[in-house]
Amino acid sequence: MATVLGIETSCDETAVGIVDHGHRVRCNLIATQFELHARYGGVVPELASRAHIERLDLLVHEALEQSGCSPEAIDAIAVTRAPGLIGSLLIGVTGAKALAWAWGKPLVGVNHIHAHATSAAIDLDHDPWPAIALVASGGHTSLYHVRDYDEISLLGSTIDDAAGEAFDKVAAILNLGYPGGPIVDRRAAGGNPEAFRFPRTMLKPPSLDFSFSGLKTAVLYQIHGPGKTTGGLEKLTPAQVDDICASFSAAVVDVLVEKTMLAVAGTGADTVVVGGGVAANSRLRTQLAERCRREGLRLHLTPLAYCTDNGAMVAALGGHLLARGHLARLDLTAAASADRS
Ligand code: KG4
Ligand code: ZN
């Protein structure tokens, strides 16, 4: 199989990866934009696209240099084409088309969430399909039935906030900084997950959809008092903040684990894979490992380096899609929504 250069610019990370045979990562470079967006408490789309323009070309050259590859050694260019911020996606897609044209290489368009769904397979020496894939990130929380790299069907997704978005919002409510997921995760390690009983919204089982907005509101009212949105934060001790982080994380993780098990039961799958930024969450990783062990299921957690947005997952999936004949033309377009991808 081929050596593929993958480009990821769907949100606030400019990322380039080079992957051999869909599984062997030669390099995985990420230029984060945290410092650019931190003062606004979230991603500012215009700033993100401009930063992608400034960084993409440099990153491609650095990736070639680091992996010791010349452009001739690259067999194809893969790029995230949907879903995401349209301005950001366009920079990556345009850059990828320019490289494909200039180097005379095939082009592959990749769905960002499918790349997260298959990222657990990157370092494996085999393809783990069929499997249930849980993708939990800042923009998406979904369950998929993955039969192959090009046979991925959606089983359920969030009807409001994504899991990562809930982490970010709770961190903002607690004034802990941005992006909130890793900070809440660290604070949760020192807290009691049973200190507060936050709601686990399961919707109507066997629905495989998710809802996290009620949980976020429950945290808000726990801090400020019922129906209030200010005034309570300064009364919290650091230990209480840790307890809120731990109890909130426990509620999110319980729902993610239960719904994943529901998807397993509904499909008869014996393998679970997990990807997306929230797949880096320590409690989610330990709870899923424990549950899958008890249920006799194989579990592949995405390695931490490939949980948040990265180019390696795009290059890896691009390699598998290329092998299955999914080539894009130079009129490839970006799409903000997954529906049109
Ligand atoms: O996959 P990703 O980089 O971007 C999207 O496709 O959305 O995910 C970013 C999200 C953010 O919401 C971030 O707070 C969350 O993943 N995240 C975490 C952790 N690390 C990143 N959430 C919980 N625990 C973590 N350790
Ligand atoms: Zn992502």
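The table below lists the values:
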read-out	value
Cα-centre dipole for the chain with unit charges at Cβ (Lys and Arg positive, Asp and Glu negative), debye to 20	640
Cβ-placed point charges (K, R +1; D, E -1), dipole of region 240-287 about Cα centre in debye, nearest 20	140
Förster radius 35 Å - calculated FRET efficiency between Glu46 and Leu327 (Cβ-Cβ, nearest 0.05)	0.60
Among Leu29, Gly87, Pro71 the positive-end extreme of the charge dipole of the chain (Cβ point charges)	Gly87
Kirkwood-type radius of region 269-341, with distances r between different C-alpha atoms, in Å	14.7
Value of Rg/Rh across region 196-341 [Cα atoms, Kirkwood radius]	1.06
Rounded to the nearest 20 debye, dipole of region 131-302 from Cβ charges on Lys, Arg, Asp, Glu	380
Descending semi-axes in whole angstrom, ellipsoid equivalent of the chain, from the Cα gyration tensor	35, 23, 16
Peptide ranges 120-127, 184-191 listed from the most packed, as the mean C-beta count within 10 angstrom indicates	184-191, 120-127
Calculated FRET value between His61 and Trp101, using beta carbons and R₀ = 25 Å, to 0.05	0.90
Mean separation of Cα contacts under 8 Å, 6 or more apart, over the residue count of the chain: relative contact order %	26
GNM flexibility winner over the chain from Thr267, Thr141, Thr94 (Cα, springs under 10 Å)	Thr267
Relative contact order of region 131-302, pairs being alpha-carbon contacts under 8 Å that are 6 or more residues apart, as %	28
Gaussian network model of the chain, springs between alpha carbon atoms under 10 Å - residue of Leu236, Leu59, Leu143 with greatest fluctuation	Leu236
Normalised contact order of region 19-134, rounded percent, pairs of Cα under 8 Å and 6 or more residues apart	27
Pairwise label distance in nanometres, Ala38 with Asn192, each label 7 Å out on the Cα-Cβ vector	3.3
Cut-off 9 Å between beta-carbons: net charge of the residues surrounding Asp309, Lys and Arg +1, Asp and Glu -1	-3
Thr230-Asp123 pseudo-label distance in nm [points 7 Å out on the Cα-to-Cβ vector]	4.7
Shape call, region 103-143: gyration tensor on alpha carbons, a/c limit 1.5	oblate
Span from the region 1-42 Cα centroid across to the region 266-297 one, whole angstrom	24
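No value in this document is a laboratory result; all are computed from the given coordinates. Please read these numbers as outputs of a predicted model, since none were measured by experiment. Because the Cβ atoms are built from the backbone with ideal geometry, glycine has one as well, and the counts that use them run over all protein chains shown.
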